[in-house]
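Okay, so here's the structure we're looking at.
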Amino acid sequence: MRKRQSTKSKEWGPEALVELMLKINNVSRGNIKFLLESKAHIKQAWDWDDQGTKGFPMNTANLLYEIETKLKGSRPRKRQSLEPKKKLLGSIVLKRATRLKDILSERTVEQVHEYLHEEPFREALGDLRSADIHSRAVHRIKETIASALDADHYGYEALPKPRGNWLHRQLLGALRAPAPGKFSDSDMVKLFDYFCPCGSEHNREAMKKFRWRLSKLHG
């Protein structure tokens, strides 16, 4: 009797239930296998990053980015490293900077602002028109520019530790990649409870909030 109960528990444990849910939502067999194997890697990366308590969680960021792009069928682009940009010497003539965009790309500014403030950079620019929140918008923009300059020169490791629900937003992007729009909030709770290394329980209201935040950031 004990052996039967143990076998049944193993067959219908958390991994089996997650696998079944992914199958029901028409996730391919290869993506299911890849995603299930990613669970341990996600936890390991988060542990290597001291669970986001000391600085930018580069290991987790790179891993979730690679997982998301692979599940989408895309080829990951190389992320910036900590190595400072070296000036070219010899016969190569460096272009003289005359505008801010010569030393700092708009894309970097947008990514850093999203990371720091959980909002699109265009929202901070739009807030400059409002007298009530003008000073707060200016403060956010100043912080973004200063951090973006460091990130552009030294790499994203130079950014401060994440605020708010950065881990959950990144994980949501990866988990919804194999079947965009198919997972319900309840489905996503089950996926988060299985894959998320934060150690906390998740709920439907949180999923709705994460989805809304992600759609706000990426349209």
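The values are calculated or read from the model by the stated rules, or taken from the named source; none is laboratory data. What you see is a predicted model; the values in this text were computed from it and never measured. Counting neighbours? That spans all protein chains shown, and the Cβs are built from the backbone with ideal geometry, glycine included. Ligands, DNA and RNA are excluded from the accessible area calculation, which covers all protein heavy atoms including side chains. Shrake-Rupley method; radii C 1.70, N 1.55, O 1.52, S 1.80 Å.
One line per residue, one yes/no per condition, for (1) modelled with pLDDT under 95; (2) over 14 Å from residue 195 (Cβ atoms); (3) under 17 Å from the mean Cα position of the chain (by Cα); (4) open to solvent by less than 60 Å² (accessible area, probe 1.4 Å):
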position: 16; (1), (2), (3), (4): yes, yes, no, yes
position: 21; (1), (2), (3), (4): yes, no, no, yes
position: 39; (1), (2), (3), (4): no, no, yes, no
position: 48; (1), (2), (3), (4): no, yes, yes, no
position: 71; (1), (2), (3), (4): yes, no, yes, yes
position: 77; (1), (2), (3), (4): yes, yes, yes, no
position: 82; (1), (2), (3), (4): yes, yes, no, no
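Per the listing 176, 204, 122, the residue uniquely open to solvent by 30 Å² or more (accessible area, probe 1.4 Å) and in contact with a Ser or Thr (Cβ under 7 Å, 6 or more places away or on another chain) is 204. Pairs meeting the criteria (first residue in the stretch 1-30 and closer than 26 Å to residue 73 by Cβ, second residue at pLDDT below 95 and assigned to a loop (DSSP other than H, G, I, E, B), beta carbons under 6 Å, at least 6 apart or on different chains) are 25/179; 25/182; 27/178; 27/179. One residue alone among 151, 146 is buried (at least 20 other Cβ atoms within 10 Å of the Cβ) and part of a helix (DSSP H, G or I), and that residue is 151.
When residue 188 is tested against (1) open to solvent by less than 30 Å² (accessible area, probe 1.4 Å); (2) touching a Phe, Trp or Tyr at 6+ places or on another chain (Cβ under 7 Å); (3) of a type outside the set (Gly, Ala, Ser), just one condition goes unmet, and that condition is (2).
Residues in the stretch 189-219 that are over 28 Å from residue 123 (Cα atoms) and part of a helix (DSSP H, G or I): 7 in all.
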